[in-house]
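Just so it is clear, none of the values below were taken in a lab; they were calculated from the coordinates. Keep in mind that what you see is a predicted model, and the values were worked out from it rather than measured. Using ideal geometry, Cβ is built from the backbone for each residue, glycine included, and neighbour counts are taken over all protein chains shown.
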Amino acid sequence: MIMGLVFVALWSSAFTSAKIIVEYAPPLLALAVRFFLTGLIGLTISRIFFTKIGLNRLEWLSLIGFGICQNSIYLGLNFVAMGNIDAFLAVIIASLLPIFVALISWIIRIEKIGFLGVVGMLCGLIGCWIILSQKILILSNLIGIILCLIGALALALATLLVRNTISQKSQLLRIVSLQMLVGGFPLILISFIIEPWDVQFSTPFVLAFLYTCFFPGLIATIIWFNLVRKEGVIRASSFHFLNPPMGVLIAALVLAETITTNDILGIITLMLAIILIQISKVTKNLKI
C-alpha cells in the first residue's frame, strides 16, 4: 500500500511537470532527451553498485516492447496532448488503465476478476465519463483526449507484457534504464522529422525537466515494476484510480487549473472504483 501511494504521488505529479516542459520545448524532443539522460544515469548507477544479471531472449523482447509501449507511445502521446488539454484531464484519462488491463486480461485469460471488481470497473468508466462528457465537446480537448486514450491502451499492453515475462531475478534499475533508452530512439527520430528544435531555457523549465527525469521517470517506474510483480496486474493497476484526486490537487496548486463540481463528483466515483477492486482482489485471495 505504501509503495502504491508513493507511486501515485510521483506519477500524478508528472503530468503537471510535463505541462510546464511543453510550454518551453518541443514535446517529443524534451521527452527523448529525458529518456537518454535518465537511462544513461540509471545504467551507470546499476553498473557501479549492482551485479550485472543477464536477460534471456524473452526478457529482452519484453523490455523492448515495454520501452516502446510505455515510453514512445504512452508518454509520447501524453506529452503531445499536453499542448491541447489541462494536466489534470490527462491524469484522469490515465486512470482508465485498470479498465483496459482488466479487459485485456479477461480476453486473453491472464487473470480473473470477481463481481465486485467488475462493478468497480464500471464505476471507473462512469466516473471518467462524468468528468470528460462536457470537455470532449471542445475540439482541442477531443484531440488531446484521443491521444491520451491511445496512450493508456499502449500502457495497459506494456503492463501485461512486464507481468508475464520479467523474472524476479532481474535487476530493476538496469531494466528501467534500458527500456528508457529503447523508448527514446523512436521519439528522437520522429522529433527530428516533424518538430522545430527550439528550446526556451528558463528556471521553471529546467526544474520541471530535472524533476521529471528522476522522480516520475526513474523512481516511479521502478516502484511500478515492483508493484506489478508482487501484486499482479489488476491490483497494481487499480492504484491508477487514485491518480485523479492527486493529479487534480497538484495541478490546481502548481498550475492553478480550474476544478468544477462535475470533476469532484467524477473523482469521488473513481475513488469508489478502486475500493471495490481492492476488496474484490482481497476476497478472492481469502477464498483461495
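Laid out as a table, the results:
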item	result
Theoretical ellipticity at 222 nm over the chain - DSSP helices of four or more residues, -39500 (n - 2.57) apiece, nearest 500	-24500 deg cm²/dmol
Total charge dipole magnitude, the chain, about the Cα centre, Cβ charges on Lys, Arg, Asp, Glu only, Debye to nearest 20	1240
Extended-chain gain in nm, criterion 0.36 nm per residue less alpha-carbon gap, LEU125 and LEU40	26.8 nm
Kyte-Doolittle mean at least 1.6, axial Cα span of 18 Å or more - DSSP H helices of the chain	2-21, 27-49, 115-132, 139-165, 172-194
Stokes-Einstein D in µm²/s, Kirkwood radius over Cα pairs - the chain at 25 °C with 0.890 mPa s viscosity	129
Relative packing of 89-100, 211-222, which averages over residues the other C-beta atoms within 10 Å, highest first	89-100, 211-222
